[in-house]
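What follows is calculated from the coordinates using simple rules that are stated; it is not laboratory data. Keep in mind that this is a model prediction, so the values were computed, not measured. Reconstructed Cβ throughout: ideal geometry from the backbone, glycine too, with neighbour counts over all protein chains shown.
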Amino acid sequence: MAKRRAIPPEGDAVRLLENLPPRLAGDLRLTTTASTTIRFANNRIRQPHLERSRHVSLRVANGKRLATATGSDASQVGLESLLETARNLARIAPVERKFPGFRAPEGRRGRPVAFSSSTARSTPEAVSRMAEEVLAAAESAAPGARVAGVVVAGSETIRVVNSSGLDRSSDRSFAYGSVLVERPTEDPPVSGWSEGAHWDSGRLESAALGREAAERMARSPPERTEPAKLPVVLRGPAVADLLRFLASLGFAANGEVEGWSCLAGRRGKTIAPEEVQLTDDARSRESVPQGIDYEGTWTKPVPLITNGVAGNVVTDLITSGRLGLPLTGHALPPEAPWGDFGPVPSNLILAPGTASEEELAREVGRGLLVTRFHYVRVVDPGRGIITGMTRDGTYLIEKGEVTTPVRNLRFTESVLSALASIRAIGRARRIYSEGGGAVTAPALALGGFRFTSATLF
């Protein structure tokens, strides 16, 4: 196991929380990030970006009233300023009657998660070489095409301290890339897409991403097809989007608390074929692992769908109190801008099947092959309905074979209906991630997916 970096005690957060005034309790998150981002466009590297950042989040509980203040100064002066701000906000915050208080450390330390020191130490030159590999492979597979995308590698350290004596930290290494290969001068324009992620940049296979995107680009003008409910093969990027929305709309705790979850009343019931096994596991080597959540709770595997049967929501301190459920280790930072959903499964792993992409197409017979979705939004959270567009590699499947490229379509579909219509599961999987969470998913063959309108491109 690689040696972990020491967690600096800037500002002495422990002493600050040990000496809180009477009636106050709190927790503090210190997140440090070091990463290199290389963006490329028009077949050239255009925007290298080196980031070294620190974020401090201090949450204060004044009795049952909670408030958070954030900043980037982890010195004693900076922490005391955050404390004053959070304390003032807590005086006027609503009462959280079922807040159980900040947890003291308990249980055995979680086993170490996978971590790559070489990825954490990635230099701008090393990440640039990864981007150059993407470009070279894409240009070789599609001469004259325009190539754009991004490659990122780096690490994040989270330290969580609270006034009940908890002091835990975790390191996470990450690498991800995405690439778009296109011929925008064609009428209509054609394009292909690929993406992937890993905790070890050496396993990202940058050149393979470039080749794959080029191979997914149409070689003939896409034809128009009429919108309808059609069987589909969804490639990994599209499946990852589908699972992210299922996680937010069905397994996020706020949906259960507030009554809008699409799985309300369906937990413990069959919602998918028996072959479907979906787990959230932030400790898995098959994800981009993280050892603790943003409240310092050890992460652990949580079954979401077992043999097609829906499980329960994931929780943090507040929602476990509201719902009377155990903590699962899924707290977000209290100030997270996407916090409307509450704690959300963020390391989704869908078990593989046995089918190749060719076998998935044969299972469909006649329908569409969809590479990825674009601009997906929620229509009706209670029914799990989302809408979006196909993009960057949509093809007709005829007699079980992928044939003609088709123009993109808009879809409006329920994630639950899509899940229930799974006919076959692919055997090859990949990790998809940008930033925080990750989805590990194979391709899927679905019996029906509702396309509601067509486009001109």
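Would you mind working out the magnitude of the charge dipole of the stretch 10-216 relative to its Cα centre, with +1 at each Lys and Arg C-beta and -1 at each Asp and Glu C-beta, to the nearest 20 Debye?
Working: 29 positive and 25 negative charges, 214 e Å.
Value, rounded to 20: 1020 debye.
Go ahead and run the numbers for FRET between Arg377 and Ala228, Cβ-Cβ distance against an R0 of 25 Å, rounding to 0.05.
0.70
Out of the trypsin sites (Lys or Arg not before Pro) in the stretch 60-140, which ones are loop residues according to DSSP with at most 16 other C-beta atoms within 10 Å?
Here the trypsin sites (Lys or Arg not before Pro) that fit, given the DSSP loop and packing criteria, are Lys64, Arg97, Lys98, Arg108, Arg109, Arg121.
For Arg219 and Arg427, what does the FRET efficiency come to when R0 = 45 Å and r is the distance between their Cβ atoms, rounded to the nearest 0.05?
After rounding to 0.05, the efficiency reads 0.95.
Under a Cβ-only charge scheme (Lys and Arg +1, Asp and Glu -1), can you give me the dipole magnitude of the chain about the Cα centre, in debye to the nearest 20?
Dipole of the chain, to the nearest 20 debye: 700 debye.
For the chain, what does the relative contact order come out to in percent, with C-alpha contacts under 8 Å and a separation of six or more?
Answer for the chain is 16 percent.
I need the calculated FRET efficiency for the pair Glu84 and Leu50, taking r as the beta carbon distance and R₀ as 30 Å, to the nearest 0.05.
In this case the efficiency is close to 0.35.
Which one of Val56, Pro227, Val378 is farthest out on the positive end of the charge dipole of the chain, using unit charges on Cβ (Lys, Arg +1; Asp, Glu -1) and the Cα centre as origin?
In the chain, that residue is Val56.
Taking the beta-carbon count within 10 Å as an exposure proxy, list Asp293, Asp392 from fewest neighbours to most.
Fewest to most other Cβ atoms nearby, the residues stand as Asp392, Asp293.
I'd like the distance separating the alpha-carbon centroids of the stretch 324-365 and the stretch 39-56, in whole Å.
28 Å
Report Rg/Rh for the stretch 350-457, rounded to two decimals, where Rg is the Cα radius of gyration and Rh the Kirkwood radius.
Across the stretch 350-457, the Cα-based Rg/Rh ratio is 0.95.
Given that compact globular proteins tend to follow 2.2 N^0.38 Å, what is the ratio of the alpha-carbon Rg of the chain to that value?
My calculation over the Cα atoms of the chain gives 1.03.
Quick one: 3J(HN,Hα) in Hz for the stretch 375-387, Karplus 6.51/-1.76/1.60 with θ = phi - 60°, rounded, Gly and Pro as x.
My calculation for the stretch 375-387 gives 6, 7, 9, 7, 9, 9, x, x, 10, x, 8, 10, 9 Hz in order.
At 222 nm, what helix-only mean residue ellipticity would the chain give, in deg cm²/dmol to the nearest 500, using -39500 (n - 2.57) for each DSSP H run of four or more?
The per-residue figure over the chain is -6000 deg cm²/dmol.
For Trp338, Trp260, Trp199, Trp193, what ranking results if the residue with the fewest other Cβ atoms within 10 Å of its Cβ goes first?
Trp338, Trp260, Trp193, Trp199
Given all pairs of different Cα atoms, what value in angstroms does the Kirkwood hydrodynamic radius of the stretch 155-216 take?
Working: mean 1/r = 0.0690 Å⁻¹.
One decimal place: 14.5 Å for the Kirkwood radius.
What is the gain in length, in nm to one decimal, between Asp187 and Ala454 on full extension, counting 0.36 nm per residue of separation less the C-alpha to C-alpha distance?
94.5 nm
Looking at the P(r) of the stretch 229-454, how many percent of alpha-carbon pairs lie beyond 25 Å?
Value for the stretch 229-454: 37 percent of Cα pairs lie more than 25 Å apart.
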